[in-house]
Amino acid sequence: MAAWARAVRGLLLDVSGVLYDSGGDGGVPIAGSVEAVRRIKASGLKLQFCTNETQATREGFVKKLQGMGFDISVAEVTAPAPAACRILKERSLRPHLLVHNDLVPEFAEIDKTNPNCVVIGDAAENFTYGNLNEAFRVLIGMEKPILISLGKGPCDENHPHVEPDAYVNNLAEAVDIILQQL
């Protein structure tokens, strides 16, 4: 074994496309991935999982993976919403959420009254004209607009849809245009 390999204390694994294929009905484990996770854990290496999932809480995401046979806990999952919550708390920000309904519980401990920023994720059916306009109104009502995106990425060929990037870019550009005119 190489010297550098003996110095490894832990691993960070992406989930979608690495441990499971998200195509089909909820996804299927990639061949050998359940066993690989089991062996890594048995080796004593610290293991953390990283996901860009913004349509489910970590609890829901973990339940899905456990249903596929993975030995995984919520504490082992790093995801965008909890990271955003840390930023919101550190900066005393109160978000207007434009996220998927199933993700809202991740923000349960965050004050959302009188929003002073907008948090946007893969809101799926919540990406309506009305909801986008509400986020826009929040942003243009601020002296220094703060728009936090939970993710950015290419469209998944197995589930073609418009990614949140288009909405994030649209809101940012619209706010910039309005602020330049004021």
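The values are calculated or read from the model by the stated rules, or taken from the named source; none is laboratory data. If you're wondering where the values come from, they're calculated on a predicted model, not measured in any experiment. Cβ atoms come from the backbone with ideal geometry, glycine included; neighbour counts cover every protein chain shown.
Collect the residues in region 30-72 that are surrounded by 15 or more Cβ atoms within 10 Å (Cβ to Cβ) and closer than 15 Å to Glu106 by Cα, keeping them in residue-number order.
If the condition is that a residue be surrounded by 15 or more Cβ atoms within 10 Å (Cβ to Cβ) and closer than 15 Å to Glu106 by Cα, then Thr51, Asn52, Glu53, Thr54, Gln55, Ala56, Thr57, Arg58, Gly60, Phe61, Val62 are the ones that fit.
Of the conditions (1) in a helix (DSSP H, G or I); (2) touching a Cys at 6+ places or on another chain (Cβ under 8 Å), Ile110 satisfies every one except a single condition; which number is it?
Evaluating Ile110 over (1) in a helix (DSSP H, G or I); (2) touching a Cys at 6+ places or on another chain (Cβ under 8 Å) leaves (1) as the failure.
Pick from region 73-99 the residues that are crowded, with 22+ Cβ neighbours inside 10 Å and either in a loop (DSSP other than H, G, I, E, B) or of a type in the set (Ser, Thr, Tyr) (or both): which of them is nearest to the chain's Cα centre (by Cα)?
Ala79
Just to be sure before I move on: is Ile72 touching a helix residue (DSSP H, G or I) at 6+ places or on another chain (Cβ under 6 Å), modelled with pLDDT of 90 or more and within 20 Å of Ala174 (Cβ to Cβ) in the structure I sent?
no
Which of the residues belonging to region 100-110 are out of contact with any Ser or Thr (no Cβ under 8 Å at 6 or more places or on another chain) and surrounded by 14 or more Cβ atoms within 10 Å (Cβ to Cβ)?
Val104, Phe107, Ile110
Within region 114-124, which residues are at pLDDT below 90 and either not in a loop (DSSP other than H, G, I, E, B) or not assigned by TED's automatic domain parsing to the domain that holds Leu97 (or both)?
Ala124
Which residue, of Ala135, Ala108, is modelled with pLDDT of 95 or more, over 15 Å from the mean Cα position of the chain (by Cα), small (Gly, Ala, Ser) and over 30 Å from Asp21 (Cβ atoms)?
Every option except Ala108 fails the conditions.
Looking only at region 11-60, count how many residues are more than 22 Å from Gly151 (Cα to Cα), of a type in the set (Asp, Glu) and within 22 Å of the chain's Cα centre (by Cα).
Looking only at that region, the number is 1.
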